[in-house]
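Engineer: Input: one structure, supplied below.
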Amino acid sequence: MNKLISSIIFSYFIFVFNINYLNAATGDAAVYKITMRKVELCTGSTGVTSCTGAVVVGSSDKVVDIASVSAGAEAASYGDPALLPLGETYTHMRVTIDRKFTVKSDGTISGGSNTCATRKTSDSSYENDIATDKYTHVPVVASSSTPQEMDIYLVNSTYTRCQGSATCIAQATGQSRTYGQGTGSSTYQSTHVSDTSADHVMVYALSSPYTVALIAPTIDIAFGTQNSIQANDVGAFCMIDALEPIVTITIK
């Protein structure tokens, strides 16, 4: 049963935001850490703030490296299935994650004319510091062939891109990022028009309604982080973004 709850969580755990750049290239992730914060099942939903009949099945911060071979097992340890009432039918899932991702590219990525790799950032990478600017600025990193773990944040829909300087002296303001939204039974997620919350909330319609029963099916979880790191030239520097992972669920 515990495995079932985890599978419901991760079957639909993707985030969708649009990042389109002319010279962008992608590469695989060797590390892709996300922080799960809360998972709820709903008997219906019409948006991010809507979760009818909500039952919280997990509500503690848990870091999962979905690029790890043990990611499926780690996922299976999250959530308490005993909280679900027998016979209830759920149609949606609401997931809250942290807006921070820690990633490491599996080698280098050609951002255009630069050789790019994920690199550790610091307060000096931002206009002010990480705490102040993490949701409003996107830093750039120097070209490198040595990947390091890098913290990337889901920024607000309007943000400032550091440009031409690893210390963010030069800037390109008024950049935009959109977070994909669906209608009806499709995906809903936070848009971050202008907020300081550390949470990113997503609501997904299950592929088919799930009715709580005594016997759970066998479910295998597989994560794919191929082409989930994106690099793009910004002058002599590289801008790095985390793209959505691939999740494959087999129910037997």
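Engineer: Need the failing condition index for VAL212 against (1) more than 16 Å from the chain's Cα centre (by Cα); (2) modelled with pLDDT under 90; (3) under 30 Å from GLN171 (Cα atoms), just the number.
Structural biologist: (3)
Engineer: I'd like the full set of residues that are touching a Cys at 6+ places or on another chain (Cβ under 7 Å) and of a type in the set (Gly, Ala, Ser), limited to the range 122-163.
Structural biologist: SER125, SER143
Engineer: Looking at GLN189, GLN175, which one is at pLDDT 80 or above, surrounded by 14 or more Cβ atoms within 10 Å (Cβ to Cβ) and within 30 Å of THR146 (Cβ to Cβ)?
Structural biologist: Going through GLN189, GLN175 in turn, just one is at pLDDT 80 or above, surrounded by 14 or more Cβ atoms within 10 Å (Cβ to Cβ) and within 30 Å of THR146 (Cβ to Cβ): GLN175.
Let's see how each residue does on (1) over 28 Å from SER228 (Cβ atoms); (2) assigned to a loop (DSSP other than H, G, I, E, B); (3) modelled with pLDDT of 85 or more:
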| residue | (1), (2), (3) |
| --- | --- |
| MET36 | no, no, yes |
| GLU40 | no, no, yes |
| SER45 | no, no, yes |
| SER60 | no, yes, yes |
| ALA67 | no, yes, no |
| GLU74 | no, no, no |
| TYR78 | no, yes, no |
| ALA82 | yes, no, no |
| PRO85 | yes, yes, yes |
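Engineer: Can we say SER208 is surrounded by fewer than 16 Cβ atoms within 10 Å (Cβ to Cβ), among the hydroxyl-bearing types (Ser, Thr, Tyr) and closer than 30 Å to GLY87 by Cα?
Structural biologist: yes
Engineer: Keeping to the range 145-165, report how many residues are in a loop (DSSP other than H, G, I, E, B) and over 18 Å from ASP233 (Cβ atoms).
Structural biologist: Of the residues in that region, 7 qualify.
The values are calculated or read from the model by the stated rules, or taken from the named source; none is laboratory data. These figures come from a predicted structure and were not determined experimentally. Neighbour counts run over all protein chains shown; Cβ positions are idealised from the backbone, glycine included.
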